[in-house]
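These notes concern the structure reproduced below.
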Amino acid sequence: MILEGNERGGAKNLALHLLKDENDHVNVHELRGFMSDDLVPALNEIYAISQGTKARKFMFSLSPNPPQTERVSTQAFLSAIERIEKDLGLSSQPRAIVFYEKNGRRHCHVVWSRIDAVEMKAIKIDYYKRKLMDISRDLYMEHGWKMPRGFMNFAERDPKNFKLAQWQQARRAGKHSRDVKAAFQDCSAVSDSVASFGHALTERGYMLAVGRRGYVTINECCEVYSVPRQLRKGTNNKDVIAKLGEPKGLPTVEQAKAAMAAALAKRLQALSREQHAAIAQRQQDIKKLLVDLVQRQTSERQTLDSEHAQRNIRESKARQARYSKGLRGLLDHFTGKHRRIREQNERDALAALERDRREMDALIFAHLNQRRSLSRRMDRLEQLREASAEKIKADIGQFQDIREGRQDVLDRISSSNERGRASPSLGR
């Protein structure tokens with residue numbers, strides 16, 4: 001598990017942060033060495049004792065974060081905490097352990113007092129970052145978890161160690177030259193005038209225009225195609241003019257690009273709004289399911305806690321009943337039977353505690369799986385929204401550049417498509 005620790009002050013703020021209701025579940029698991037049994041007063045006790053020293057950072061705060069996909073038991077957390085406090089020299093110091101769950105992940109937060117109450121000075125914790133890194137690496141290997149790349153190579157810790165180039169503004173048409181030629185030839189076969197040819201091309205996603213040498217078309221990526229070169233072999237401008245007539249009343253290449261870009265940008269903006277609204281509605285539905293889920297999980301945990309408490313009372317009475325009373329009880333003290341019963345009771349009590357923890361862990365793991373299912377759905381929606389928004393933004397930016405006639409953008413579009421597929425013949 002990843003271990004993030006630091007020396008700090010601000011007892012009250014930390015306690016309130018740990019108890020924030022933005023988490024799905026919060027459980028104050030342990031308050032050791034405090035007079036109070038509430039987290040806020042307990043951490044304030046550390047602050048009060050620190051006033052007898054010069055220490056400003058009187059606490060050590062630790063966040064053990066296991067891999068999201070792993071089922072980590074409460075005992076595994078506690079074992080790691082015991083090892084950490086020993087290596088950091090914080091054994092027997094007052095500490096608070098809080099478990100909390102959010103977005104399908106279970107985390108733990110531990111706070112130790114750094115103030116040695118006997119000598120009234122702060123305990124010095126040397127090289128704690130390196131120590132935590134070593135312990136964390138050992139935990140990954142001991143549990144068989146997949147180790148983060150940054151643990152194996154310090155230089156790779158930051159996943160953002162490279163820069164992404166800007167998105168290519170012009171997206172490729174994604175059509176093979178054979179398909180383009182077939183579309184033009186089909187449109188030509190059913191047309192006998194400029195109007196009918198233009199209408200047929202429009203239905204295929206092209207816009208008819210006039211270039212320097214005759215008829216051309218603009219596709220949805222604002223690429224320019226020479227009409228004669230897309231028809232049957234040997235067709236030239238004179239053949240096309242003979243069939244359709246002179247290209248009069250048609251927009252120029254620049255005008256057609258601007259019109260196509262404006263129409264597509266407007267359509268993309270509308271599609272973006274529609275998709276955003278649809279995703280937002282689905283996210284709201286999931287949030288409602290989440291509220292119901294958290295309430296149900298809380299109720300189930302409270303029920304299990306109550307069952308544990310009632311069972312512990314019954315078992316405690318049963319263990320107490322093993323002791324003899326009166327003269328027989330006095331005799332048991334001399335024969336050693338009383339000691340053997342006490343030791344057996346202690347073993348049984350520890351076994352009962354471990355059993356209760358296992359049962360609670362099993363319930364928590366089931367709840368985490370339920371929560372992760374909703375989190376994955378929410379994450380997929382967010383990824384879809386971000387990816388779609390980024391693509392649409394890039395396309396709209398491309399069309400805006402085309403409308404403004406930026407030649408460098410047009411050159412990049414043409415160059416990109418030349419490399420990516422068989423290029424159409426261009427003509428203006």
Original post:
Whole-Hz Karplus ³J(HN,Hα) for the range 48-62, in order, using 6.51 cos²θ - 1.76 cosθ + 1.60 and θ = phi - 60°, x for Gly and Pro?
Top reply: 4, 5, 5, 5, x, 10, 9, 6, 8, 9, 8, 10, 10, 10, 9
Original post:
Just how far, in whole angstrom, is the range 208-248 from the range 340-378 if you go by their alpha carbon centroids?
Top reply: 75 Å
Original post:
In what order, largest first, do Thr74, Thr298, Thr202 sit by accessible area if the probe radius is 1.4 Å?
Top reply: Thr202, Thr298, Thr74
Subject >> Cα-based reach from Lys129 at 15 Å (exclusive), listing aspartates and glutamates while leaving out same-chain residues under 8 positions away >> reply: Glu4, Glu7, Glu85, Asp87, Asp138
**OP:** With 23 Å as the limit, write out which pairs from Lys317/Lys337; Lys12/Lys288; Lys181/Lys393 have Cα-Cα distances beyond it, or answer none.
**Re:** Lys12/Lys288; Lys181/Lys393
Original post:
If one takes the longest principal axis of the Cα atoms in the chain, at what angle in degrees, from 0 to 90 and to the nearest 10, does the Cα axis of helix 407-420 lie?
Top reply: 80 degrees
Subject >> Stretch in the chain that is longest and holds no chymotrypsin sites (Phe, Trp or Tyr not before Pro) that DSSP places in a loop and that have at most 10 other beta carbons within 10 Å >> reply: 163-428
**OP:** With θ set to phi - 60°, apply the Karplus curve 6.51 cos²θ - 1.76 cosθ + 1.60 along the range 107-121 and write out the HN-Hα couplings as whole Hz, x wherever there is a Gly or Pro.
**Re:** 10, 9, 10, 10, 10, 10, 7, 8, 8, 7, 5, 7, 8, 6, 8
**OP:** Calculate the spin-label point distance for Glu359 paired with Lys121, positioning each point 7 Å from the Cα along the beta-carbon direction, and give it in nanometres.
**Re:** 4.9 nm
Subject >> Of Val294, Ser306, His333, farthest towards positive along the dipole that unit charges on Lys, Arg, Asp, Glu beta carbons give the range 269-369 >> reply: His333
Subject >> Cα-based equivalent ellipsoid, the range 254-366: semi-axes from gyration tensor eigenvalues, Å >> reply: 72, 13, 5
**OP:** Over the residues of the range 249-290, compute the C-alpha Rg and express it relative to 2.2 N^0.38 Å.
**Re:** 1.98
**OP:** Treating the Cα atoms of the range 185-236 as identical point scatterers in vacuum, please give the log10 of the normalised Debye intensity I(q)/I(0) at q = 0.17, 0.19, 0.32 Å⁻¹, two decimals.
**Re:** -0.47, -0.59, -1.42
Original post:
Residues with amide H under 5 Å of Asn103's amide H, sequence separation 5 or more or different chain, H placed in the peptide plane at 1.01 Å from N; which?
Top reply: Asp24
Subject >> Cα pair distances of the chain binned at 10 Å [whole percent] >> reply: 4, 14, 16, 15, 12, 11, 10, 8, 5, 3, 1, 1, 0
Original post:
In degrees from 0 to 90, rounded to the nearest 10, what is the angle of the helix 194-203 Cα long axis to the longest principal axis of the chain?
Top reply: 10 degrees
Subject >> Fluctuation leader among Lys243, Lys131, Lys391 - the chain, Gaussian network, Cα springs under 10 angstrom >> reply: Lys243
Original post:
Just how large is the dipole of the chain about the Cα centre, in debye to the nearest 20, putting +1 at every Lys and Arg Cβ and -1 at every Asp and Glu Cβ?
Top reply: 660 debye
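If you take every residue apart from Lys131 with its C-beta less than 14 Å away from the C-beta of Lys131, what net charge results, scoring Lys and Arg +1 and Asp and Glu -1?
Values: positive: Arg83, Lys86, Lys124, Lys129, Arg130, Arg137; negative: Glu4, Glu7, Glu85, Asp87, Asp126, Asp134, Asp138.
Within the 14 Å Cβ shell, the charges total -1.
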**OP:** Would you mind calculating the gained length between Ala182 and Arg282 on full extension (0.36 nm times residue separation, minus the Cα-Cα distance), in nm to one decimal?
**Re:** 31.8 nm
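The values are calculated or read from the model by the stated rules, or taken from the named source; none is laboratory data. This is a predicted model, so every value here is computed, not measured. Cβ sites come from the backbone with ideal geometry, for glycine too, and all protein chains shown count toward neighbours. Each accessible area value is taken on the protein alone, full model and side chains, heavy atoms only, with ligands, DNA and RNA left out. Shrake-Rupley method; radii C 1.70, N 1.55, O 1.52, S 1.80 Å.
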